Amino acid sequence: MWVRSTMTYRLSFVLAIICNAALTMLDFVAILIMFAHVDRLGGFSVAEVGLLYGSTSLALALCHLALGDVERIGGRIRDGSLDVMFVRPAPIFVQVAADRFALRRLGRAAQGLGVLVWALAEVEVDWTAWRVALLLSMLVSGAAIFGALVTLGGVFQFWAQDAAEVQNAFTYGGNTLLQYPPTIFARELVRGVTFVVPLAFVNWLPALRLLGREDPLGLPGWADFLSPVVAAALCGVAALAWRAAVRGYRSTGS
């Protein structure tokens, strides 16, 4: 329904796609301006940083394309409109995710994909079948990890009711963090986004393996391939938390 509504005004849709891509491109422009003054950032070239930027941006864009409205569930809880979804013959999570589906978010995905393709053409990587598989699993796992964090943020709003910005700190904030090499951050921060909130598995660890670089934490080599496992575990936790939140929901004002 939302796609058909969007395509009714096709010029508006095209302009929204272009504007969405242009606005998100400003983040990478800032990186290019930085590299106009330095040759390397934390030992990484502009193409290698582009690989980090493109992979995390594309992963987050795919997550928001599928689950974008989950982050606004707090508003539905406050005004009671979430109650309507309980009487429909469809899972609550699917309804919340599909509500106000915004196809314009393809602009962010296209921009991230464009930077990623450029970076892959510029970096010096001996592409083999397992490296291609690692790249694809990095993108899929990254989108799943972001999706799990969005879902956990939605769960938190069942009690907090107005905590979208807390969730954004881990999604948008995490996306900005992952656009830069881990070597420029304090070791304590890198440990935190590896063992506490596992954002490092979105792109840092698999990208370091692709680029043939050492992990700043000195983790064993097999840790670079754990992104699918971490994504599956985090999605499992998010699913259980969502189920508990929905079962404990007592409508607004109760």
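When restricted to residues that are more than 12 Å from Ile145 (Cα to Cα) and surrounded by fewer than 22 Cβ atoms within 10 Å (Cβ to Cβ), region 194-207 contains 3. Summed over region 81-131, residues that are free of Cβ contacts under 8 Å to residues at least 40 places away in the same chain, under 30 Å from Leu210 (Cα atoms) and surrounded by 15 or more Cβ atoms within 10 Å (Cβ to Cβ) total 0. Within region 203-217, residues that are over 11 Å from Leu51 (Cβ atoms) reach partners that are modelled with pLDDT under 90 and β-branched (Val, Ile, Thr) with beta carbons closer than 9 Å, at six or more positions or on different chains, in the pairs Gly212/Val125.
Taking the numbered list (1) farther than 19 Å from Leu208 by Cβ; (2) under 17 Å from the mean Cα position of the chain (by Cα) in turn, Ala160 passes all entries but (2). Here is a check on your reading of the model: is Ala241 farther than 24 Å from Ala119 by Cα, outside any loop (DSSP other than H, G, I, E, B) and out of contact with any strand residue (DSSP E or B) (no Cβ under 9 Å at 6 or more places or on another chain)? So Ala241 passes the test.
Just one of the numbered conditions (1) free of Cβ contacts under 8 Å to residues at least 60 places away in the same chain; (2) in contact with a Pro (Cβ under 8 Å, 6 or more places away or on another chain) is not true of Arg191: (2). Considering region 132-146, and only residues there that are in contact (Cβ under 8 Å) with a residue 40 or more places away in the chain and of a type in the set (A, V, I, L, M), the residue that is surrounded by the fewest Cβ atoms within 10 Å (Cβ to Cβ) turns out to be Val140. Selection of region 13-49 for residues being within 19 Å of the chain's Cα centre (by Cα) and either over 21 Å from Pro182 (Cα atoms) or surrounded by fewer than 12 Cβ atoms within 10 Å (Cβ to Cβ) (or both) yields Ile17, Asn20, Ala21, Ala22, Leu23, Thr24, Met25, Leu26.
Within region 43-51, can one find any residue that is closer than 24 Å to Thr171 by Cα, in contact (Cβ under 8 Å) with a residue 24 or more places away in the chain and small (Gly, Ala, Ser)? Checked against the condition, which is being closer than 24 Å to Thr171 by Cα, in contact (Cβ under 8 Å) with a residue 24 or more places away in the chain and small (Gly, Ala, Ser), region 43-51 yields at least one hit.
The values are calculated or read from the model by the stated rules, or taken from the named source; none is laboratory data. Here the structure is a predicted model, which means the values were calculated and not measured. Backbone-built Cβ (ideal geometry, glycine too); neighbour counts: all protein chains shown.
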